[in-house]
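The values are calculated or read from the model by the stated rules, or taken from the named source; none is laboratory data. In this text the structure is predicted, and so the values were computed from the model without any measurement. Because the Cβ atoms are built from the backbone with ideal geometry, glycine has one as well, and the counts that use them run over all protein chains shown. For accessibility, only protein heavy atoms count, side chains too; no ligands or nucleic acids. Shrake-Rupley method; radii C 1.70, N 1.55, O 1.52, S 1.80 Å.
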Amino acid sequence: MATNLGPGDIRPDWLLAHFGMAIKVLGVEGQRAIGDGLDTQDFLLVNSPTLPFGTVSEYFKLQKALEQQPTKTDDELASIGRKARLAARVLKALGRPLPAPVEILSPENAHPLGETFHSMAALRFGDYVGKFSVTPLSDNVRALTGHEVDHAGRPSSPVRDLLEEFFAHNSADFALRVQLCADIGRMPIEDASVLWREDLSPHQTVATLHLAPQNAASDARRIYADDVMSYAPWHALEAHRPLGAIMRSRRPAYPASSDFRHSVNNVEAAEPRSLSDLPA
Ligand code: HEM
């Protein structure tokens, strides 16, 4: 799991941001979406059902704003977040829609294990089109929905510390679900800012993810996950081909970012082929 929707700069995780969840399925067989010669299937998810800047021209505006972030201090970003949350609460109370910048800047304090994560944009689901999501299933993580993270006395990484402590002693189950497109007019593929309503098509569970107790953030694991590995929506089977303009824009963006990271960090990139490639 990684924090933030877009900011590339490294920040303490008490600074409220959207959470991401990245899943890599190893050893998948079948025709690839692109000729990458890999045998992995990645699913990249964020704890929001929609991408407020859901077209390429809108996303470009978000990108420009994100590029300004490194010039701001943690306290300045925290203050922007507080104002956006206030604006979001007022607009919600008035029953008004949230402008995209307010929506993206106003994540609430939430426990990541109680959150539901979404692909936000569409993928193929075999002969169908769907959006993927992951939601808490076991009682211990369902109980965390709506819980806040206590930031007191943990200067830099309260969220990571919490996850590390949780998985030192507990397992957790999550449901992997697919929401099939049942009405292309009201469930568009090309604009990821439009919510696919549940009454048009419910999220259906297709798998259970079981996370065993583990040392979730050992130094070796962190380095492997942050520096060696790469997640990308186009690490995919043709049966789960990413769809729509936002997904197409991500096709060159992720390998470019990964190449840049590996070159400035002077680390050789590697794609795991089996679980034994993951350090303990
Ligand atoms: C449906 C919308 C999107 C979702 C759900 C999403 C999700 C994610 C997640 C979960 C990560 C972290 C992966 C990790 O831990 O390595 C990530 C990284 C990243 N995202 Fe997105 N993202 C979305 C849209 C975009 C768009 C439109 C772009 C740019 C065109 C973009 C560019 C990137 C880049 C460059 C990285 C870092 C990749 C790396 O260095 O390996 N994302 N995204």
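Here is a yes/no grid of residues against (1) open to solvent by less than 40 Å² (accessible area, probe 1.4 Å); (2) within 16 Å of the ligand (Cβ to nearest atom); (3) free of Cβ contacts under 8 Å to residues at least 12 places away in the same chain:
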{"residue": "E190", "(1), (2), (3)": "no, yes, no"}
{"residue": "S193", "(1), (2), (3)": "no, yes, no"}
{"residue": "R197", "(1), (2), (3)": "no, no, yes"}
{"residue": "H203", "(1), (2), (3)": "yes, yes, no"}
{"residue": "A217", "(1), (2), (3)": "yes, yes, no"}
{"residue": "D227", "(1), (2), (3)": "no, yes, no"}
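Could we say that N265 is open to solvent by 40 Å² or more (accessible area, probe 1.4 Å), within 14 Å of the ligand (Cβ to nearest atom) and either of a type in the set (G, A, S) or touching a residue at least 12 places away in the same chain (Cβ under 8 Å) (or both) here?
Answer is yes for this residue.
Can you report the number of residues in the stretch 4-24 which are in contact with a helix residue (DSSP H, G or I) (Cβ under 8 Å, 6 or more places away or on another chain), near the ligand (Cβ under 9 Å from one of its atoms) and at pLDDT below 90?
3
Show me the strands (runs of 3 or more DSSP E) found entirely inside the stretch 34-149 where at least 3 residues are more than 14 Å from the ligand (Cβ to nearest atom) and either without any contact (Cβ under 8 Å) to a residue 24 or more places away in the chain or farther than 24 Å from S230 by Cβ (or both).
128-136
For the condition open to solvent by less than 60 Å² (accessible area, probe 1.4 Å), within 13 Å of the ligand (Cβ to nearest atom) and out of contact with any helix residue (DSSP H, G or I) (no Cβ under 8 Å at 6 or more places or on another chain), what is the one hit in A253, A232?
A253
Would it be correct to say that G114 is within 25 Å of S201 (Cα to Cα), of a type outside the set (A, V, I, L, M) and exposed (fewer than 12 other Cβ atoms within 10 Å of the Cβ)?
Here the answer is no, as G114 does not meet what is asked.
Quick one: which residue in V159, V178 is open to solvent by less than 30 Å² (accessible area, probe 1.4 Å) and modelled with pLDDT of 95 or more?
Result: V178 is the single residue among V159, V178 that is open to solvent by less than 30 Å² (accessible area, probe 1.4 Å) and modelled with pLDDT of 95 or more.
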